[in-house]
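Each remark here refers to the structure printed beneath this line.
The values are calculated or read from the model by the stated rules, or taken from the named source; none is laboratory data. If you're wondering where the values come from, they're calculated on a predicted model, not measured in any experiment. Note that each Cβ is placed from the backbone with ideal geometry, even for glycine, and that neighbours are counted across all protein chains shown.
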Amino acid sequence: MHADVIVAGAGPTGLLLAAELALAGVRVRVLERNETPTRQSRALTLHPRSIEVMDLRGIAGRFLACGRTVPGWHFAGLDTRLDFTALDTRHGYTLFLEQARTEELLDARARELGAEIVRRCVVTAVRQEPDAVVVETSGGETLRASYVVGCDGGRSLVRQAAGIPFDGSDETLTGMLGDFAVTGPGAVRAAGEHGVLAVPMEGGLTRFVIVDPERMRVPSGEPVTYEEFRRSLTSIAGTDFGIAEPRWLSRFGNATRQAGRYREGRILVAGDAAHVHFPAAGQGLNTGLQDAMNLGWKLAAQVKGWAPEGLLDSYDAERRPVGAGVTANTEVQALLMELTLVPQYRRPAMALREMLDGLLGIGEVNRRLAASVSAIGTGYGPSAASVPATLTGYGTLAGIRVPDLPVSVAERPGAERLYELLHDGRFLLLRAAVRSGPPADSFAGPSADPPVGLDDRVATVTATAWEPTAELAGAEAVLVRPDGHLAWAGPLAEERDAVSHWVGPA
């Protein structure tokens, strides 16, 4: 198959990106160095916005059926939990789901949409030409594509080939994780009482995550041994909790780096190829998934030739600040943990943690940090690419996340909420303001013809009832991007110009 886009790396980011491109009718090939999917799961969580991303495509149920939900999460291991139930989402929880299972579900999704996934294929060289990107592989193949996306991890060859800088800081702190088949009775509860993270996993395994003051300067590249892990656990908690039969041992560090740009011509980067950091609060995999959701529809529009000027560049403009925010908050969390382990800083560090713990008891503070960690609070400010000067409407709202609002539309009688109308990956034009009089949710129907010849790019529906947010309550029409963010909202008189700006002329 000739590919329009080659994706390097079949991790969660690469697989979701491939699925999004295939959904839009783009020919996509994923090249993965490993022969089989990994069974080792560094990441264990899907946060609320990631579950919303799956819900936007109608596949959230696949993930929820395989995992376990918890209503709160942590920041730097502070005692007061972040309350995800207080967020404006139907998915106010974290889903415990091993990365291996997440990849399995995304692999199936990408394949069912027609993406080609080639394993045991190492990308060895990438070079740009004026109208294509050339990729060489370990099998001696030379492949061409219109675009290449590096989802190939922190040591990304694709990023390096593009000359994209990856500046940041080297590791100063390392921790260890281990998955064990045998533990003593009540080990998970008891570990928590000693400040050790322990999580039950599939197949009867239990994961322990520790940072040992005596071993926290060991380079992350040095293998972990069972005896080292057991000694460190005993040193920290006074017991080894009966661990035995280790199935996976690994060391991780707090090296923090971010790509200087997410696009260089026909080459783009996403996920760990764009940002690496300490795995604090489980944000890495989730940030990568949201990179893929932002990029997928934009790159598809570019390949198909109808992207408005500046759209593909807006991937960098929108996602790089998000990546910077994640790397910053993980550095803060790592520092809070590290200082408590250094004797001369332990007392003031513990006082600082106690102060922050108290602040998290304030509802608004808790919600703000919960919205950040969960990515429910992620929005994209208006830019030259997203707000035409001729559209005054609700331009300042462009880029905000649109919640999964209750809605009924004439064209799809079974739909009850907004995200159900976005499963096919098109823009959604919701006409919602031509009222016939009381009651307030009664509508007489559209006063203008739907866009002609754009059915492959935008779905037009007429609300018979809906519950808008306060910001959108007065809008006569709302245009929602394929990734669930607002493209435009305003009067019907501006609708045609708004649609033309985003999806091109018929």
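Take Arg111 and decide whether it is in the same structural domain as Leu336 (by TED's automatic domain parsing), within 21 Å of Gly11 (Cα to Cα) and surrounded by fewer than 21 Cβ atoms within 10 Å (Cβ to Cβ).
On the way: in the same structural domain as Leu336 (by TED's automatic domain parsing): yes; within 21 Å of Gly11 (Cα to Cα): yes; surrounded by fewer than 21 Cβ atoms within 10 Å (Cβ to Cβ): yes.
Yes.
Against the definition (on the phi > 0 side of the Ramachandran plot, assigned by TED's automatic domain parsing to the domain that holds Pro165, in contact with a helix residue (DSSP H, G or I) (Cβ under 9 Å, 6 or more places away or on another chain) and not in a helix (DSSP H, G or I)), how does Gly242 come out, yes or no?
Values: on the phi > 0 side of the Ramachandran plot: yes; assigned by TED's automatic domain parsing to the domain that holds Pro165: no; in contact with a helix residue (DSSP H, G or I) (Cβ under 9 Å, 6 or more places away or on another chain): yes; not in a helix (DSSP H, G or I): yes.
Spelling it out, it is not the case that Gly242 is on the phi > 0 side of the Ramachandran plot, assigned by TED's automatic domain parsing to the domain that holds Pro165, in contact with a helix residue (DSSP H, G or I) (Cβ under 9 Å, 6 or more places away or on another chain) and not in a helix (DSSP H, G or I).
How many residues are of a type in the set (D, E, K, R) and touching a Gly at 6+ places or on another chain (Cβ under 8 Å) if we restrict to the range 166-193? Don't jump to the end; show me each part of the working.
Step one: filter the range 166-193 for residues of a type in the set (D, E, K, R), giving 167, 170-171, 179, 189, 193.
Remaining after also requiring touching a Gly at 6+ places or on another chain (Cβ under 8 Å): 167, 171.
Looking only at that region, the number is 2.
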If you check Val135 against the conditions, is it hydrophobic (A, V, I, L, M, F, W, C), surrounded by 15 or more Cβ atoms within 10 Å (Cβ to Cβ) and over 21 Å from Ala324 (Cα atoms)?
-> yes
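For the range 474-501, what are the residues that are under 22 Å from the mean Cα position of the chain (by Cα) and either over 15 Å from Arg401 (Cβ atoms) or outside any strand (DSSP E or B) (or both)? I'd like the intermediate steps shown before the answer.
First, the residues of the range 474-501 that are under 22 Å from the mean Cα position of the chain (by Cα): 480-487.
If the condition is that a residue be under 22 Å from the mean Cα position of the chain (by Cα) and either over 15 Å from Arg401 (Cβ atoms) or outside any strand (DSSP E or B) (or both), then Arg481, Pro482, Asp483, Gly484 are the ones that fit.
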Just checking, how many residues over the range 406-430 are of a type outside the set (Val, Ile, Thr), surrounded by 15 or more Cβ atoms within 10 Å (Cβ to Cβ) and not in a loop (DSSP other than H, G, I, E, B)?
-> 11
Going through the range 272-308 in order, the residues found to be at pLDDT below 95 and buried (at least 24 other Cβ atoms within 10 Å of the Cβ) are Ala281
Scope the range 201-225; condition of a type outside the set (S, T, N, Q) and free of Cβ contacts under 8 Å to residues at least 40 places away in the same chain; matching residues | Gly203, Gly204, Phe208, Val209, Ile210, Asp212, Glu214, Gly221, Glu222, Pro223
Within the range 149-177, residues being surrounded by fewer than 18 Cβ atoms within 10 Å (Cβ to Cβ) and touching a helix residue (DSSP H, G or I) at 6+ places or on another chain (Cβ under 6 Å) number 1
What residue, among those in the range 244-271 that are in contact with a Ser or Thr (Cβ under 9 Å, 6 or more places away or on another chain) and buried (at least 24 other Cβ atoms within 10 Å of the Cβ), is farthest from Val7 (Cα to Cα)?
-> Asn254
Since Gln302 meets every condition but one in (1) in a loop (DSSP other than H, G, I, E, B); (2) assigned by TED's automatic domain parsing to the domain that holds Gln160; (3) within 30 Å of Tyr147 (Cβ to Cβ), which condition does it not meet?
-> (1)
Of the residues in the range 34-81, those that are of a type in the set (S, T, N, Q) and either part of a strand (DSSP E or B) or more than 30 Å from Ala181 (Cβ to Cβ) (or both) come to Thr45, Thr69, Thr80
Output the residues belonging to the range 38-65 that are polar (S, T, N, Q), buried (at least 21 other Cβ atoms within 10 Å of the Cβ) and in contact with a Phe, Trp or Tyr (Cβ under 8 Å, 6 or more places away or on another chain).
-> Thr45
Within the range 451-458, identify whether any single residue is in contact with a Pro (Cβ under 8 Å, 6 or more places away or on another chain) and modelled with pLDDT of 95 or more, and answer yes or no.
-> yes
Set Val149, Val158, Val199: member being assigned by TED's automatic domain parsing to the domain that holds Thr327 and part of a strand (DSSP E or B) | Val149
Answer yes if at least one residue in the range 313-331 is crowded, with 19+ Cβ neighbours inside 10 Å and free of Cβ contacts under 8 Å to residues at least 40 places away in the same chain, and no otherwise.
-> no
Residue among Pro343, Pro348 that alone is surrounded by fewer than 19 Cβ atoms within 10 Å (Cβ to Cβ) and out of contact with any Pro (no Cβ under 9 Å at 6 or more places or on another chain) | Pro348
Considering each of Leu87, Leu78 in turn, give the residue that is surrounded by fewer than 24 Cβ atoms within 10 Å (Cβ to Cβ), modelled with pLDDT of 95 or more and either closer than 18 Å to Arg111 by Cα or not basic (Lys, Arg) (or both).
-> Leu87
